[in-house]
1. Quick one: is Gln121 in contact with a helix residue (DSSP H, G or I) (Cβ under 9 Å, 6 or more places away or on another chain), at pLDDT below 95 and assigned to a helix (DSSP H, G or I)?
2. Check whether at least one residue in the stretch 157-165 is acidic (Asp, Glu), at pLDDT below 95, over 23 Å from Phe87 (Cα atoms) and in a loop (DSSP other than H, G, I, E, B), and report yes or no.
3. Has the stretch 135-155 got any residue that is farther than 30 Å from Ala63 by Cβ, touching a residue at least 12 places away in the same chain (Cβ under 8 Å) and out of contact with any Lys or Arg (no Cβ under 9 Å at 6 or more places or on another chain)?
4. Sort out which residues of the stretch 169-217 are under 28 Å from Leu155 (Cα atoms) and basic (Lys, Arg), and write them in order of number.
5. Given (1) over 21 Å from Met195 (Cα atoms); (2) surrounded by 15 or more Cβ atoms within 10 Å (Cβ to Cβ); (3) at pLDDT 95 or above; (4) among the small types (Gly, Ala, Ser), identify the lone condition not met by Ser31.
6. Looking only at the stretch 148-193, filter to residues that are of a type in the set (Gly, Ala, Ser) and more than 14 Å from Leu134 (Cβ to Cβ); which one of those is surrounded by the most Cβ atoms within 10 Å (Cβ to Cβ)?
7. For the stretch 184-207, how many residues meet the condition of being assigned to a loop (DSSP other than H, G, I, E, B) and within 15 Å of Asp76 (Cα to Cα)?
8. If I ask for residues that are within 19 Å of Asp18 (Cα to Cα), crowded, with 24+ Cβ neighbours inside 10 Å and not β-branched (Val, Ile, Thr), which ones from the stretch 63-84 would you list?
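The values are calculated or read from the model by the stated rules, or taken from the named source; none is laboratory data. What you see is a predicted model, and the numbers here were worked out from it, not measured in a lab. Neighbour counts are summed over all protein chains in view; Cβ atoms, including those assigned to glycine, are modelled from backbone coordinates with ideal geometry.
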Amino acid sequence: MKNTDITKDSSGFVALGDFVPSIVQEIRYYSTFNFIGDRVDGYEEPIALATIEAARALKSAAAELFVKGYRIKVFDAYRPARAVRHFVLWGIEDTDIRMKPYFYPDVPKQELFSRGYVAKQSSHSRGSAIDLTLLDMRTGKELDMGSPFDLFSELSHPDNRKGITEEQYENRMLLQNAMTRNGFSPIFCEWWHFMLTDEPYPDTYFEFPVSMSSLRR
């Protein structure tokens, strides 16, 4: 990696569930229901980890949304560099398209990287990116965002108004506005992805596993 470091030092990280007790966690890359169809390398427990700076910002966003009747649901946060390598190797194996109908029905697998849906170097590996949605506390259900998490499609672009309802768009903006007010930035192709604008480790990629034991070392 050019002008970057790789480290196993987890001293600047916390478990989001401990820091922001109101969040719900559904760590998709620990499960097999994700775009590659297998548990992803480096995910040893179904928990979300993040830098302390990102956790503080998320805590503020969660408090703002909680008052409005919503809880944050996290799909992914810190992602080990080895997990990204797993994605890249999966991308090379062009015969494995088991999960195409669910996650990239309209995009050729070979174009997932060039279109920006899957990165060969991920901001998640720097520890301050979070994938999330909102739960309505009245119903206990996720808000309808117009597309599911990790659907690699123009339908998932946050500013896309084609193919989604006004309510779905407003739900996206509810999430986006709360996150941006609390220090996060969105990206163009995923309504669920947010990156801490002033990330503490802009040139460092982390390699320790997603587990509570990683934080105790």
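1. Judged against the criteria, Gln121 is not a match.
2. Yes, that holds for at least one residue.
3. Checked against the condition, which is being farther than 30 Å from Ala63 by Cβ, touching a residue at least 12 places away in the same chain (Cβ under 8 Å) and out of contact with any Lys or Arg (no Cβ under 9 Å at 6 or more places or on another chain), the stretch 135-155 yields at least one hit.
4. The answer is Arg172, Arg181.
5. Among (1) over 21 Å from Met195 (Cα atoms); (2) surrounded by 15 or more Cβ atoms within 10 Å (Cβ to Cβ); (3) at pLDDT 95 or above; (4) among the small types (Gly, Ala, Ser), Ser31 violates only (2).
6. Ranking the qualifying residues of the stretch 148-193, first place goes to Ser156.
7. Residues meeting the conditions: 3.
8. Passing the criteria: Asp76, Ala77, Tyr78, Arg79.
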